[in-house]
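Written below as structure tokens is the structure these notes are about.
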Amino acid sequence: MKKILLLITVSLLVSTSIFAQKPAKLTSNQIYEKVQKLNFLGTALYIAAHPDDENTRLIAYLANHIKARTGYLSLTRGDGGQNLIGPEIRELLGVIRTQELLAARRVDGGEQLFTRANDFGYSKHPDETLKIWNKNEVLSDVVWAIRTFKPDVIINRFNHRTPGTTHGHHTSSAILSVEAFDLAGDNTKYKDQLKYTSSWQPKRLFYNTSSWFYRDRQKFEEQAKDFTKFNVGVYYPLKGLSNNELASIASSQHLCQGFGRLTTRGNQNEYVEFLKGDKPKDKNDIFSGINTTWNRIENGGDIGDILYEVEEKFDFVNPSKHLPMLLEAYQKIQKLKDHHWRKIKEKQILEIIEACAGLYLEASAVSSSGTPNSTIEVHFEALNRSSFPVELTSIYSTIDGKKIPKNIELQSNKKSNFKETILLKTNTYSDPYWLRENASLGMYAVKNQLLIGKPETPSPAQITFNLTMGNVAVSITKDVVRRYAERDKGEIYEPFEVLPKVTTKLKDKVVIFSEDTAQKVLVEVSAGENNVSGKVHLKVPANWQVSPKEINFKIQQKNDKQTVAFLVNPPKNQSEGKLKVIATLNGKSFTKELVEINYNHIPKQSVLLNSEAKIVRLNIEKVGNNIGYITGAGDAIPENLRQIGYTVEEINPIAINAENLQKYDAIVLGIRAYNVVKELKFKQKYLLAYVKNGGNMIVQYNTNRGVDVAPPFPLQLSRDRVTDEFAEVRILDKNHQLLNFPNKITKEDFKGWVQERGLYFPNSWDANFTPILSMNDKGETPKKGSLLIAKYGKGNYIYTGLSFFRELPAGVSGAYKLFANMLSVGKRK
């Protein structure tokens, strides 16, 4: 991780740090590249379905070689995938993958867009995908993206003509793009959008194809003669990197998907197939026939005359010499009638002006968060590192509308520091906007049209520095951040956020009652400001009881916590429902939990979720108590098993030897353990010896890419999966002990499953394995590899692709009973 960060921030010298809040400190090379980009007026939009679908080679080539404004529209945020770096799944995983996409774009030079589509998991056909997503709504979002981004060319990652041959989300992204290409320019379609933007007709649409999609290299080579071809292996002397090196580093930002990869060099071709629109006369130039000069806009020619000269005569030693011409061009850009290009080019040239002057403008809060309608102290720094005359006339706080006169002459390399108290005049928090309303299976709910498509919630607090440079008024807006230092980490930048005065947290998201006796439920109350006091109570289903009815809390310091305990009594019979936490402060209710996501490769994220848990009264039996768990890609199953009374010890794979496994009644391997835990190949002999001597070993799913799970008997992993969580489950042997001890398992236990049945099932196995279940998606052959058991020596080896890592955290009763049976197998006396 440290090597990746060092490569990006030092060797790459990209325009921004891997942390989005850290200010850009551009080199002369980077300023020059931005001048080149300023002088290219062409736009490309790449469209696919998920984080990691994008072709970073082509995006980097368009953004850095051609200099086009390049965007990636990912229809989803990748919420339905797996997480290789932590326990976050579903909406929290979507937050991580959103930030990883933004990190990738900071490297390859693109911009990031989204729709409201919810990644509900793997889909085998676009018909299913578009039904769950609500095709019309997602299509409207694609149209919105085209109308607001206004691309000249669109490039699809996937083929709209081959439904059923790949992930249904993939094909759907292409289908929607093809339809939206025509709809975006039609003023009679999605007319409500036209209150905020204008219709737009892209010039042409392409499909980014390759021999991989054809599965037949010879056939591809024959067809490729008619395709547009790019050599994306070009070298950038100003960066000291080739385009494909840049692309590899961008792809490596998708760490939660295990996309860390080696950089590559040398010639490499990419191909795009023309689909519709105005066919380019030069087939190897996707912008052929499109005016990408300043002359494409009214009165742009005069601006071009100035800026082309700046580019031609750029002074790498003293870029500040170009400030008079840049400021003249800036004034002309402000007068452009074309609002779209005016907004884009004004932002671009301001960044160049700021960099050429060596301006450092910062607003750093004394804390990383504040609460609505409170005040926060902000420290300011303003520095002009050029000899060009600059005056800070005033600052303007966007969050309270307050303008503060300054009239400070920013003398060369002499910093000015001051502080102000800012009122956080807002009732809106800075959490991910798409998570504020309850989502459906296929769609996030976003009421504000202007937020749709944005990668993240706009900063809640911004400061505009109003400057006079020479005789020209210039305004530069900065997000308020929190800058501080730690001895073992150095300088740290964090986003400033507006958060609730009080949040609450339940220790467990699922609380299992395996008996009809009361359990203690702990609630952690956190203060968002100093001197917080109020009451907290639990809301439970009608047939449950809780005492006391409410508990007082009093917290003196911001970010401090107080834990209170309630006693919850379940009903005698099986039951389930929601347990909700409500804190009351000065008559106002607070119902949110604050979840912080903090990884080195992305900015810290604060997510507000409903403070609630699923409570389940479950009639469950178990045999054996001590479970050893070898963590794989990350899941919550150890804690889920503790919920039903097991003692779970997480095993360090390095420490496994012939003796220390014997104390366990069963050993469980977490999801994708053989994919991510390299030490297992050296420890497999001890695990199999444990089974042979009478132990019980459960191996959860692994992907089939170059992995050997080394079972005691031959077993072949495949990509077989059942994506329909409602698919019929057929029991193959009703009398098998795995389905009868200590709990009776019936078809009823497969009701209420979430997202899927399972994935990466084995599709062939030795006769020593016994298949237990059969299931399949609609129109497919039965899949019998979801749960296999084999007697090995005195013990039992179980391989399962069932998605327990989703079902147990979701509180699915039948999944708990079946897992307890797997842990207990062979222990019946």
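Neighbour counts of C-beta atoms inside 10 Å place Thr477, Thr129 in the sequence Thr477, Thr129, starting with the fewest. What separates the Cα centres of region 192-270 and region 524-593 is a distance of 51 Å. Among the trypsin sites (Lys or Arg not before Pro) found in region 302-386, those both in a DSSP coil and sparsely packed, with 16 or fewer other Cβ atoms within 10 Å of their Cβ, are Lys313, Lys335, Lys337, Arg385. Ordering Thr375, Thr76 by the number of other Cβ atoms within 10 Å of each residue's own Cβ, fewest first, gives Thr375, Thr76. The fewest-to-most ranking of Tyr360, Tyr444 by surrounding Cβ atoms within 10 Å reads Tyr360, Tyr444. Each of the GluC sites (Glu not before Pro) that DSSP puts in a loop and that has at most 11 other Cβ atoms within 10 Å breaks the chain; the longest unbroken stretch is 1-297. Which chymotrypsin sites (Phe, Trp or Tyr not before Pro) in region 682-726 sit in a loop by DSSP (not H, G, I, E or B) and have at most 12 other Cβ atoms within 10 Å of their own Cβ? The qualifying sites are Phe726.
Over the residues of the chain, the helix contribution to mean residue ellipticity at 222 nm works out to -6500 deg cm²/dmol, using -39500 (n - 2.57) for each DSSP H run of at least 4. Across region 615-622, computed HN-Hα scalar couplings (Karplus, 6.51 cos²θ - 1.76 cosθ + 1.60, θ = phi - 60°) run 10, 10, 8, 10, 7, 9, 10, 8 Hz from first to last residue, x flagging Gly and Pro.
Overall, the chain carries a charge dipole of about 1140 debye about its Cα centre when +1 sits on the Cβ of Lys and Arg and -1 on the Cβ of Asp and Glu, all other atoms neutral. About the centre of its Cα atoms, region 626-824 shows a dipole size close to 360 debye [charges on the beta carbon of Lys, Arg (+1) and Asp, Glu (-1) only; nearest 20 debye].
Bear in mind that the values in this text are calculations on the coordinates, not laboratory data. Worth saying up front: this structure is predicted, and the values here are computed from it rather than measured. All Cβ positions, even for glycine, are placed from backbone atoms using ideal geometry, and neighbour counts span all protein chains on display.
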